[in-house]
Every structure is written in C-alpha cells, then in structure tokens.
C-alpha cells in the first residue's frame, strides 16, 4: 500500500521541481537562469548518479560515467519544455540513460561498423531523443523508422551497431552476480526506474476524473474497504469493484510503455 505521507511528499517534490522548470522557461536573465538550473540539478543529481552507477564495472571508469550522466542531466534541464510531456523525470531518465549508452558505444568499438550505419545511428539518436520528449516514452521501431523516412530493417541495423562495442548487454547483471545497486544508498538498483514510474503514475492520475481520483485515494491511501468507498461516493460495493478495475486497467495500459523502457 502507498502511505499517505510518502505520496504527499513525492507529489510536493514533483510540483516544486516542475515549478522551478516553469520559472526557467519564462526567464531570459542569465543570472536567474543559472540559479534555477543549479537548483533543479541539485534536486535531481541523485537520479543521474543512480543511472550512471547501474553501468559501473563494465570497462569504463565510474568517474567518467558520473560525468557523462551529470552532463546529460544539465543538458536535459536546458532542453526540457514544461507541459510538453509527462514531467521532467519521465524525460530525464531515458535522456540520461541514452547518453550513457551512447558513451559506451562511442568510447569502445570492438568491431567498427560501416560509416553509413554510424551516420544513420547518429540521426537515429537525435530522432529518438525528439520523439522521447514529444511522446514521454521510448518509441517503437516502426515509429522511429517513419520519422527518419527509412525502413525498419535499416533502423534495426543502426540500433544493432551498439553490439559492436561489447557482446554483453549494458542492462545485463554484472559478472559474478554482482549488482551496481550495491553502490547506491540502500542498494536501490531500480531507484531511477521506480522514480520514473512513480512520476508517470502521478501525472496519469491527475488526468483521471475527480470520482476516479477519490476512489484511488480512498482505496490505496486511506485503505478503505470497497463497501466503505461505496457508502462514501453513493454507489454499491459491486459498482466500486467494477469502477476500480476499470481505473486500474486504464492506468496499467498507459504505464506499460514506461515499465518496458
């Protein structure tokens, strides 16, 4: 169950962060912009570091990974457009993760692919970044191919050039069963993914009807029974069960792209 205090704290933090980013989008004063960027980065630095540490122990110095992730975070702050997607965390996580993977691929080719594929891959990275910001999720192969005006087979080949850098997946567990999560406070390997999912869920819940939001709050925050919820909103227990199932199905459908990212 979600504790009320935890949910409130997360919501307040998200709103403060989005408020700073909205102020950043409105101002053109250099000093004020620098101050706002610094405040946003300070609040989200742990997110970038956690993503970097997930790729530690794979042949590139941890300090280099942290630098790449933090640089990508700052770039994401400058590029982010409030209101264009599902929130900054949903935008920043795939952006930073993509920059880390790109650094691996650029820093250590084991087998260098043809130049045409390398050039297509560069266009692919830029297009995926644009689509990610617009859609708030990772795009499918068909969507990226359509945006590039290339065939899915060509895009798949460009994506596959990443395997020329190493035969192992960057998302695979560390050799010997170790975990980069051990390097994080509390061993929270999936902290960044959890934060992304929580931020996306918060945004999706905000778009539900007032009654649906009340049902979710009563069930998962106040932990009321379905009978108590029915009495509160004036419907039968059976109707509460049906309404709750419909709401959860809608949320699950909307969150599936995030969970698979």
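Each value in this text was obtained by applying a stated rule to the coordinates, not by laboratory testing. All values derive from a computational prediction rather than experimental measurement. Here the Cβ is made from the backbone with ideal geometry for all residues, glycine too, and neighbour counts use every protein chain on show.
Summary of values
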quantity	calculated
Label point distance in nm, residue 142-residue 123, each placed 7 Å from Cα along Cα→Cβ	2.2 nm
Relative contact order (%) - criterion: Cα under 8 Å, at least six apart; region: the range 208-261	28 percent
Average projection area in nm² (convex hull over Cα atoms of the range 208-261, one quarter of hull surface)	3.8 nm²
Label-reachable residues, the range 202-228, where backbone N falls under 19 Å from a point 7 Å from residue 236's Cα toward its Cβ	225-228
Least to most buried among 238, 23 (fewest other Cβ within 10 Å first)	238, 23
Residue exposure sequence - 233, 60 - by fewest surrounding Cβ within 10 Å	233, 60
